[in-house]
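Structure record follows, encoded as structure tokens.
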Amino acid sequence: MTLKAIIFDVDGTLAETEEIHRKAFNRALSDAGLDWCWSRERYRELLAISGGKERIRLYIEEEHPDFLTRENLADWIARLHQDKTKIYADMIAAGEIELRPGVERLIREARQAGLKLAIATTTSTANIIALFDATLGREALDWFDAIGAAEQAPNKKPDSSVYLWVLEKLALPGSDCVAIEDTRNGVLAATGAGVPVLVTQSFYSEGEDFTGALAVLSDLGEPDHPYRVLAGLENTPGWVEPGRLARWLESVEIPADTTTGKVEVG
Ligand code: XBP
């Protein structure tokens, strides 16, 4: 197990985007003439389901079951989701979204160290582009050897498909990679593909069960803003850098004959 790649989740991990998603969903619902409004508390519950279209359907099932008989419901949801995606991109472009502490530094250090980079997310590709346009610049997408999103893996996290797709593109076993995730669904998706995972807890994932993760940190940390260890490691503040990630990976016990088994750590 030698660290060869870092695989990043997007929403909540690269940046605190879920609150912007929530507002974009609400605006799309209101533009569609509906008085449905997702509060932060309600959105926290709905986040149990990955994927915007799946989330809209879950909400309809739970709150407006009469709507389920609507003709062409799947098409209606897809259109609403398309509108939400446009609204989200405009909000990201207009707003002041920032990458979370340590994200840009770790990406740059990983490149310098010759590690591969990848993205494994259930969000739509348009959302990744919007986020990069507003932060690192679109050209930074070329730094990533594999970008797995909703279009590559329609079965959303906790399903492991997106990780399996990324591993195939990287031509690496999961045990030579570390995933950075912020949710329980992300931990299940990564470990289900044999990828050890580090959690940086986010606004909406606070209090989730991260069993199976290498460790849970407040964020990736910076030299002048060290992370706090929330679980799984000695409580020594620091910042995540390639050398430290490689040492953590070496300390993990993963069955040698599997790239798809659950990682029994944490
Ligand atoms: C987060 C998600 C996404 C976003 C919304 O994915 O579950 O559904 O909330 O994006 P991840 P879409 O943590 O894997 O990045 O509306 O495009 O689905």
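The values are calculated or read from the model by the stated rules, or taken from the named source; none is laboratory data. From a predicted model like this one, the values you see are computed outputs, not experimental measurements. Every residue, glycine among them, receives a Cβ derived from its backbone with ideal geometry; neighbour counts consider all protein chains shown. These area figures cover heavy atoms from the full protein model, side chains too; ligands, DNA and RNA do not enter into them. Shrake-Rupley method; radii C 1.70, N 1.55, O 1.52, S 1.80 Å.
Structure data summary
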read-out: Within segment 9-33: backbone nitrogen closer than 20 Å to the residue 86 label point (7 Å, Cα to C-beta); value: 20-33
read-out: Gaussian network model of the chain, springs between alpha carbon atoms under 10 Å - residue of 41, 222, 109 with greatest fluctuation; value: 41
read-out: Using distinct alpha-carbon pairs, which all enter the 1/r mean, Kirkwood radius of segment 18-93 in Å; value: 12.5
read-out: Probe 1.4 Å, accessible area per residue of the chain, Å²; value: 45
read-out: Assigned charges on the beta-carbon of Lys, Arg, Asp, Glu; segment 18-93 dipole about Cα centre (debye); value: 260
read-out: Computed P(r) (all Cα pairs; the chain; 10 Å bins; percent); value: 7, 31, 36, 19, 7, 1
read-out: R0 of 35 Å, Cβ-Cβ distance residue 31-residue 209: FRET efficiency to nearest 0.05; value: 0.45
read-out: Extended-chain gain in nm, criterion 0.36 nm per residue less alpha-carbon gap, residue 236 and residue 108; value: 43.7 nm
read-out: Segment 113-266 - share of DSSP beta bridges that are antiparallel (%, nearest 5); value: 30
read-out: Exceeding the 27 Å Cα-Cα cut-off - candidates 23/53; 86/116; 23/116; 23/156; 84/169; value: 86/116; 23/116; 84/169
read-out: Estimated 222 nm signal from helices in the chain, with DSSP H stretches of n ≥ 4 weighted -39500 (n - 2.57), rounded to 500; value: -12000 deg cm²/dmol
read-out: Residue-level accessible surface for residue 64, protein heavy atoms, 1.4 Å, Å²; value: 40
read-out: Backbone N under 17 Å from the residue 76 label point (7 Å along Cα→Cβ), restricted to segment 33-60; value: 33-37, 53-60
read-out: Extension reserve of the residue 247-residue 225 stretch, reckoned as 0.36 nm per residue once the Cα distance is removed; value: 5.8 nm
read-out: Among beta bridges that DSSP assigns inside the chain, antiparallel share in %, nearest 5; value: 20
read-out: Fraction of accessible area attributable to carbon and sulfur, segment 18-93 (%, probe 1.4 Å); value: 47
